[in-house]
Amino acid sequence: PGGETVMSEDLFNCHIPPWNKGLLVGQKKPLQPKHVWSIRVRLELSKSPRDLALFNLAIDSKLRACDLVRLRVNDLCQAGKVRDRASIVQQKTGRPVKFEITEHTRLAVERLLEHLPAGGSGHLFPGRSKQRPHISTRQYSRIVHTWVESIGLETTMYGTHTMRRTKASQLYRKTGNLRAVQLLLGHTKLESTVRYLGIEVDDALEMAEQIDL
């Protein structure tokens, strides 16, 4: 809340040091459902299959940026069809994490596959050279800021962790199930999930007030 700095296990991820390593970075806000739909509609109209698939997968997967940009075709597809659920091993923890692939995302990925080499198992979001086989986390960060800016939001308040937190925050608000959110985010400790979601005493009291015994 406010200007408080939140240090979560997610801020220092991946084998490649992130651009913000060692810096104090404020917690980024999640998108609201109306923001998600506004961005999605704009991407559909822009006819950019890569960006639409990237956006939808970022929301569904709740992956860290380093895991998202490294996704391969065979992480999501089997026998040429996009799965309903996928599982990858996280770079940071070395532990598997599962995520759902909703209808919007499945259609977006199928459209993206039409623009990738047929029958390949390469990266979903390839880079422009052999030295960079997939888009970088820095490039992904710039793309996120263009999405946020396109719907008139203050870009300094949002970032790649916005995408990771968006669906997780909605799930927590609707269910109050921290354990479920922990599993979906791939956190090893529940305390990390509490810090990551920015849960405060007032949130707990609000939920408690809804229970009449």
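The values are calculated or read from the model by the stated rules, or taken from the named source; none is laboratory data. Values in this document were obtained by computation on a predicted structure and should not be read as measured data. Here the Cβ is made from the backbone with ideal geometry for all residues, glycine too, and neighbour counts use every protein chain on show. To get the accessible areas, we keep the full protein, side chains included, count just its heavy atoms, and leave off ligands, DNA and RNA. Shrake-Rupley method; radii C 1.70, N 1.55, O 1.52, S 1.80 Å.
Evaluate E = 1/(1 + (r/R0)^6) for W37 and S141, where r is the Cβ-Cβ distance and R0 equals 22 Å; express this FRET efficiency to the nearest 0.05.
0.50
R138: accessible area at probe 1.4 Å, nearest 10 Å²?
In the full protein context, R138 sits at about 140 Å².
If I model a spin label at A180 and T156 as a point 7 Å from the Cα along the Cα→Cβ vector, what separation in nanometres do I get?
3.6 nm
Could you order E100, E44 by accessible surface area, starting with the largest, using a probe radius of 1.4 Å?
Descending order: E44, E100.
List the pairs from K62/K92; K47/K92; K29/K92; K92/K174 whose alpha-carbon separation is above 26 Å, in the order I gave them.
Checking Cα-Cα distances, K47/K92; K92/K174 exceed 26 Å.
Could you work out the local net charge near E100, counting Lys and Arg as +1, Asp and Glu as -1, over the other residues with Cβ closer than 13 Å to its Cβ?
Around E100, the surrounding residues sum to +3.
Determine by what factor the alpha-carbon radius of gyration of segment 35-118 differs from 2.2 N^0.38 Å, reporting the quotient.
Segment 35-118 yields a ratio of 1.07.
Tell me, what is the per residue accessible area of segment 21-138 in Å², probe radius 1.4 Å?
For segment 21-138, the per-residue accessible area is 57 Å².
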